[in-house]
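What follows draws every value from the coordinates through simple rules; no lab data is involved. Keep in mind it's a predicted model, so treat the numbers as computed, not measured. Virtual Cβ from ideal backbone geometry, glycine too; neighbours counted across all protein chains shown.
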Amino acid sequence: MPAAATDVARARSPLFTVEDASITFPGVKAVDGVSLDLYANEVHALLGANGCGKSTLIKILAGFHQPDDGLRATFDGSEIDLVATEQQRDHPLRFVHQDLGLVNELSATDNIALSLGFLGSGISVDWKAENQRARGLLARFGVHLDPRRPLSDATAVDRTLLAVARALGDLGDAKHVLVLDEPTAALSSTEVQRLFEAVRELRDAGSAVLYVSHRMDEIFEIADRVTVMRSGRVISSGPIGAMTPTLLTSLIAGEPTEAQAQAETPSRRRTSSARHTEAALAVRDLRSQSIGGVDFDVRRGEIVGVAGLFGSGREAVGYAAAGALPDASGHWEINGASFDRLAVRDAVDAGLGFVPADRVAEGLIREFTVLENLSLAALSDLGSSVRLSRRVEREQASAWLSSVGVRADAIDVPVTTLSGGNQQKILFGRWLWRRPAVLVLCEPTAGVDIGARHALHELLREQAAAGLAVLITTSDLDDLVEVCDRVLVMRNGIVERELTGAAISTPTILAAMETDSGPTRP
C-alpha cells in the first residue's frame, strides 16, 4: 500500500487496539506497557530480536498468557476480553503460528474438522459435507489438493495456507485480525509469493494482518506499517516507507554493530584459499527421487551453498550428502573414507555433522534440557561405556555454550524455553563439539532473528577459517551471499550453474534459479 494510502488509513479509527499490555514472569518483565494499533486494509509487521517480547505479546493476544492488570483491548470500537480468545468461537482474532498445529498424518478434511467441529447429525459424521467444506476453504486460498489425502503429501506452502483457511473458516465475511507468526520460515521463495498473494487478498478485503518475520526483504515487500520491539517495549512504530533495512536493523539490535554496518556490503564475504586444499567431502553421481545425478566437492576451509527453487532437488541434497535420505545412491568420500552406500552412522563416524532443516521436529529432543541436547553427539567422549561423567559433561558443555554464544546459565532449562536462534546454536554446538571435518547445514538460519543470523554467519566463517568444510542448502539467499565461497544452483534435479566470487549476489542467484544457462565464473 502506498504511503499516502497508509496515511489515510491511520486517519480512521483502528480496527483493533491493545493498550498497556504487560506481563511479569519470575525475575523479568517480558512485556512492558506495549500498545499497538492495527488498521483494516493493512499488513502490520512486528519485528524484534529473539527475546524482545514479541512472541509473548502474541501469546497474550491469543489468550494463552494472563497479562498483568491494566491491559485494555478493543475491536471495531468495542472492548473485548483477550483472555477468552481461545474460548470464543466468534472471537475476531485468529492466529497461525510458526508451528502450524496440523496433524500431518491426517487429511485436510480431518484437520479442519478438528478445529471447526465435525458436521453431521451428532451421531455420525457427514463426510461428504466435510470434504465439500474443506474444498471450499482451500479453494479460497488457491490450494487444490485432495482433502482426503494425508497432509504429509502436501507441500509446505499448501499446509501453511490450510492453516490460514482453518483459522478463518468460520468467520465468513466478518471483519477480523489475522496474526501470522513466522509463516515463511519453511517456505521457498516461490512459495512465499503464493502466501503473499493470499495475504494481500485478505488485506484488500478489509482484514488487519499482524505479520511477524525475521526476513527483512519480506517486510519491505508485504508490510504497510512496522513496529519494532526491544526488551519488552515498543521502540519504534511507523509506515514502512519511512524505514530502511539499515535503520530497522539498528532499531532491532539497539545499536549499530560492526556486523550490521557491513550487512549490506557484498565485500564482507571472506576470500577463501580453499581451492588449494583437498576435498573433505566428495560426492559423485548423487541420485534420489528428486536428484538426477549430481557431482560436487567441498574442500577443507570452504563454504559451499546449494540454491534452487522448491522442487529443484536443492532441499534433498543436504540430506542425501549426510546419509539421511534412504533412497539416495551414489559414491561418497568423507574425510578420506569411501562409501558406495551411506547411512547417517557411517557419515558421523567418518567425521560429518548434520543439522537438518526443521530443528524442532528433526534436530532437538523437546523433552531434554539444553545440556542433554548439546552433548548428544559426544556421549562417547564423556565417560566409559557404562557410565557418563556428569562433571565432564557439564564442564565441556559450558565451554561450548560460550563458544557458540549461548548463556551458560541456561544449561539445565528445557531446550524449548530458548529462542529459535539459541536453539539453532545448540545444534551447531552439538556437532562442533565432535570437531567434524564436514558440517552439512539445511536451512541454517530459518526462523532466527537478525542478531542470531549474524552470529551464526560469523561462527561459520570462523570454523571454515580453521579448516572445516561446510555445505549449506537453503532457500534464504542472504545465507548464500553472506558466507559462501561457491554456490551451486540446481534446476530439475541437476546442477545448472556454479557461481563464485562477485557472481554470488542475490540478482545473479535468482536469475540462475529461474533461467537455464551454462556455468558462470567471475
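At-a-glance table
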| item | result |
| --- | --- |
| Counted charge near residue 192, where neighbours are those whose Cβ lies closer than 13 Å (Asp, Glu -1; Lys, Arg +1) | -4 |
| In Hz, Karplus ³J(HN,Hα) per residue of the range 105-113 (6.51, -1.76, 1.60; θ = phi - 60°; x = Gly, Pro) | 6, 9, 7, 4, 4, 5, 5, 5, 5 |
| Cubic angstrom per residue, convex hull over Cα atoms of the range 427-512 | 108 |
| In degrees, nearest ten, helix 420-432 long axis to first principal axis of the chain (Cα) | 10 |
| Estimated vicinal HN-Hα couplings, Hz - the range 300-309 in sequence order (Karplus 6.51, -1.76, 1.60; Gly, Pro = x) | 4, x, 10, 10, 10, x, 10, 10, x, 5 |
| Degrees separating the helix 189-204 axis from the principal Cα axis of the chain, which is the longest one | 10 |
| Peptides ranked, highest mean first, by Cβ atoms within 10 Å: ranges 68-74, 233-239 | 233-239, 68-74 |
| FRET E, pair residue 81, residue 115, Förster distance 25 Å, beta-carbon r, rounded to 0.05 | 0.75 |
| Shape of the range 126-211, Cα gyration tensor, a/c cut at 1.5 | oblate |
| Viscosity 1.306 mPa s, 10 °C: Kirkwood-radius Stokes-Einstein D of the chain over Cα pairs, µm²/s | 65 |
| Using a Förster distance of 30 Å, the FRET efficiency for residue 505-residue 297 (Cβ separation, nearest 0.05) | 0.85 |
| Kirkwood estimate for the range 103-170, i.e. one over the average of 1/r between Cα atoms, Å | 11.7 |
| Mean separation of Cα contacts under 8 Å, 6 or more apart, over the residue count of the chain: relative contact order % | 15 |
| The chain: Lys pairs at Cα distance under 24 angstrom, eight or more positions apart or on different chains | 5 |
| 222 nm mean residue ellipticity, helices alone, for the chain (DSSP H n ≥ 4; -39,500 (n - 2.57); rounded to 500) | -9500 deg cm²/dmol |
| Nitroxide proxy distance, nm - points 7 Å out along Cα→Cβ at residue 205 and residue 221 | 2.2 |
| Along the chain, longest interval not containing exposed GluC sites (Glu not before Pro), exposed being DSSP loop plus at most 15 other Cβ atoms within 10 Å | 106-263 |
